[in-house]
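Computed from the coordinates by the stated procedures, all read-outs in this text should not be read as laboratory data. Quantities reported herein were computed from a predicted structural model and do not represent experimental measurements. Virtual Cβ from ideal backbone geometry, glycine too; neighbours counted across all protein chains shown.
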Amino acid sequence: MKLSAIRSVFGQMLIQASVALLILLTPAWAQGEPCVPSPAIRVQLDKIKVVVAGPSDFDRGLAPLRTLRQQHPSDLWVNERYQDAVQQYGIEGHLRRLTEEYQVLSMQHPDELTYSYLYARSLMGRNTASAIQQMTEIIANHPDFAPAHQSLAEIYSSSAFHDESKEKTERERFLASCPESSLQQRRTGLPDPSPLVDEAEHMLAQNGDPERVAAMAVQGIREDEWRLQRIRPFDWYSVAYKRQAQRELQAKYWRVWSLQVRCERRAGRPEKAAELLAVMDQRTASLRSSDPAYWDVLSTLARLYEEGSQKDMANRKLDSMQEFLTAHPDPTRAAQLAELRALSEKSDQ
């Protein structure tokens, strides 16, 4: 072989070796997924608008994302978008199935980093402590895996798991791998409490159709039930916040039941109204140790009995309020009781 040919072959081998060395020295994340979805995936993701109005809409609303995930089962960005949608709109059963699904995928693909990460990510919000542990293990073995740094930064920026120092560290590591990216706090998708019960009360006060008022009130309470179901499974929310949400929903139930009684009376069905009111009265037994719920319920029942000209029952509730007030003195409540007694006496005249 001529010397020039030998030099040519040697040169090619040297170039190949240099390329191989460069690949070995390149961070694993840089060899894999980019810091943003591919143009083709981005176009498809941008086309999908997830709209879920209630639990019954969940499967229909997420159907386009499920279809896209079937077409691109290993795409990181498609799976992240799917996880976000489930966590945004799902309740306990949906969230449990999500974690189980990604746990199975991680076991079926033990050597694929993406699936290990997606399983850890599926735990965020429900078992965040485990998510932190698994994310930490991932970056211990793959320090340049940017998505794990991004997820940890998101966790440490949340109010429930806030750690300013760790958030700063993880954010810097993420931006070092993806300098043109930005960290965004995950949307919880938690709506405000439904305004429909307020609107129903206003409509009834304006002599609105009782059937429509009752239907609106029931729809409002259903929306708030769904809202509470989207709070309970998540450790993003504190125990105090969950308890407050539960108390607010309980108070709204009594408002809805009161509306139903008044609507039945307005619709000319006093017997049905009396049945509903009797059920409400029976429910007070479970609230005797609850303050201020018990006081508020007694006040509600006293007004409803007074409106229905059931004087004896109304007076019994007023007497119960007096007993409660004696055990728990409060000037504001004393004024409320005086007002209710004045209304009762006025109606007697």
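Observations
- When +1 charges are put on Lys and Arg Cβ atoms and -1 charges on Asp and Glu Cβ atoms, the dipole computed for the chain relative to its Cα centre reaches about 600 debye.
- Mean Cα-pair separation over length for the chain, i.e. relative contact order, pairs under 8 Å, 6 or more apart, %: 10
- Fully extended contour minus Cα-Cα distance, from Ala335 to Arg316, at 0.36 nm per residue: 5.0 nm
- In the stretch 76-117, GluC sites (Glu not before Pro) in a DSSP loop with at most 14 other beta-carbon atoms within 10 Å: Glu112
- Within the stretch 88-247, all pairs of alpha-carbon atoms sorted by distance into 10 Å bins from zero give the percentages 10, 30, 27, 17, 10, 6, 1.
- In this simple spin-label approximation, Cys35 and Arg97 carry label points 7 Å from Cα along the Cα→Cβ vector, and these lie 3.7 nm apart.
- For the chain, the longest principal axis of the alpha carbon atoms and the long axis of helix 331-348 meet at an angle near 50°.
- Length released on extending from Val239 to Ser290, taking residue separation times 0.36 nm less the Cα-Cα span: 16.6 nm
- Estimated 222 nm signal from helices in the chain, with DSSP H stretches of n ≥ 4 weighted -39500 (n - 2.57), rounded to 500: -23500 deg cm²/dmol
- Residues of the stretch 39-77 with amide N under 17 Å of the 7 Å Cα→Cβ point at Val104: 66-67, 69-71, 73-74
- Cysteine residues of the chain whose Cβ has no partner cysteine Cβ closer than 4.7 Å: Cys263.
- Full-stretch length increase - Arg232, Glu345 - with 0.36 nm per residue and alpha-carbon distance subtracted: 36.1 nm
- For the chain, the number of Lys pairs with C-alpha atoms closer than 30 Å, counting only pairs eight or more positions apart or on separate chains, is 13.
- Hull shadow area, averaged, the stretch 196-348 [alpha-carbon convex hull, nm²]: 10.1
- Calculated Cα extents along the principal axes in Å (choose from (1) 125, 40, 33; (2) 69, 62, 33; (3) 89, 41, 38), label: (1)
- Over the stretch 185-242: Rg over Rh, Cα atoms, Kirkwood Rh: 1.14
- Modelled label reach - Glu275, point 7 Å along Cα→Cβ, the stretch 228-269 residues with backbone N closer than 20 Å: 254, 256-269
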